[in-house]
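Inspection log for the structure reproduced underneath, given as structure tokens.
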Amino acid sequence: MSQNQARTSAGSVHVVDHPLVQHKLTQMRMKERTTRGFRDLVREVSLLLAYEITRDMPVTYRRIETPLQEMDAPVIEGKKVVLVAVMRAGMGLLDGMLDIVPSARVGHIGLYRDHETLEAIEYFCKLPENLADREVLILDPMLATGHTAVAATDMVRKRSPRSIKFACILAAPEGLSEFHTHHPGVPVYTCAVDERLNDKGYILPGLGDAGDRIFGTK
Ligand code: URA
């Protein structure tokens, strides 16, 4: 699967430009897409994102027996990955990711956006214990202003995991810049970098409110 890798002034951004991902993203952007259709697409896209994000996972070799002979076969090294969903929209990315990494641990972070300041306010945090040897993937479909992404990553970083990656479906240039100002060492994986934010902090052209479209709340 091909992808574009770019470095912004402060950090790395991986745009997963596989045609299947781009086709599904276009389907998601269309305003006539039903809740059911949107949710299915989020699941499919997150599965493909997981495939890219886990590309550099370290492997080790284990002696196994096939029905015909012994061999040293690759297995993923280290402790289980931790998926951290930023509620509520990030929960939509969980199912697809778990299809690819079914034994991952799962954490939840609750942050909401103050509609006036657009700042992220914490209301929930439940993460697996002892992240020291684990790779954490933070999931939130829209990297818009970057405030939520920065706050969620702050909360995870306090637990000192081995590494952190941030996965979204769409990113705005303003959000990427804000995110990498605070977390330059955390790579972002996204399906596209859109044009800009509007004055309400929504991504343009975007796909609307991801949480509302996943859960059918509007
Ligand atoms: N959150 C969303 O759901 N959509 C946006 O465009 C920005 C933030």
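Looking across the stretch 179-218, the residues that are surrounded by 18 or more Cβ atoms within 10 Å (Cβ to Cβ), of a type in the set (A, V, I, L, M, F, W, C) and either over 19 Å from GLU119 (Cα atoms) or within 13 Å of the ligand (Cβ to nearest atom) (or both) come down to VAL186, VAL188, CYS191, ALA192, VAL193, LEU197, ILE203, LEU207, ALA210, ILE214. Of the residues making up the stretch 141-177, just one is out of contact with any Asp or Glu (no Cβ under 9 Å at 6 or more places or on another chain), open to solvent by 20 Å² or more (accessible area, probe 1.4 Å) and within 13 Å of the ligand (Cβ to nearest atom), namely GLU174. The set of residues in the stretch 108-125 being part of a strand (DSSP E or B) and in contact (Cβ under 8 Å) with a residue 40 or more places away in the chain consists of ILE109, LEU111, ARG113. Of all residues in the stretch 155-178, those satisfying the criterion of being in contact (Cβ under 8 Å) with a residue 40 or more places away in the chain and closer than 24 Å to ASP133 by Cα are MET155, VAL156, PRO161, ARG162, LYS165, ALA167. What residue, of GLY185, GLY175, is more than 13 Å from the chain's Cα centre (by Cα) and assigned to a loop (DSSP other than H, G, I, E, B)? The conditions single out GLY185. When GLU116 is tested against (1) more than 14 Å from the ligand (Cβ to nearest atom); (2) open to solvent by 30 Å² or more (accessible area, probe 1.4 Å); (3) at pLDDT 95 or above, just one condition goes unmet, and that condition is (3).
State whether one or more residues within the stretch 120-136 are open to solvent by less than 50 Å² (accessible area, probe 1.4 Å) and charged (D, E, K, R). Checked against the condition, which is being open to solvent by less than 50 Å² (accessible area, probe 1.4 Å) and charged (D, E, K, R), the stretch 120-136 yields at least one hit. For the stretch 38-58, the criterion of being more than 19 Å from the chain's Cα centre (by Cα), modelled with pLDDT of 95 or more and open to solvent by 50 Å² or more (accessible area, probe 1.4 Å) is met by no residue.
Screening LEU20, LEU68 for residues that are in a loop (DSSP other than H, G, I, E, B), over 30 Å from ARG162 (Cα atoms) and open to solvent by 50 Å² or more (accessible area, probe 1.4 Å) leaves exactly one candidate, LEU68.
The values are calculated or read from the model by the stated rules, or taken from the named source; none is laboratory data. Quick caveat: nothing in here was measured; it's all calculated off a predicted structure. Positions of Cβ are backbone-derived with ideal geometry, glycine not excepted, and every protein chain shown enters the neighbour counts. Areas reflect the complete protein model, heavy atoms only, side chains present, ligands, DNA and RNA absent. Shrake-Rupley method; radii C 1.70, N 1.55, O 1.52, S 1.80 Å.
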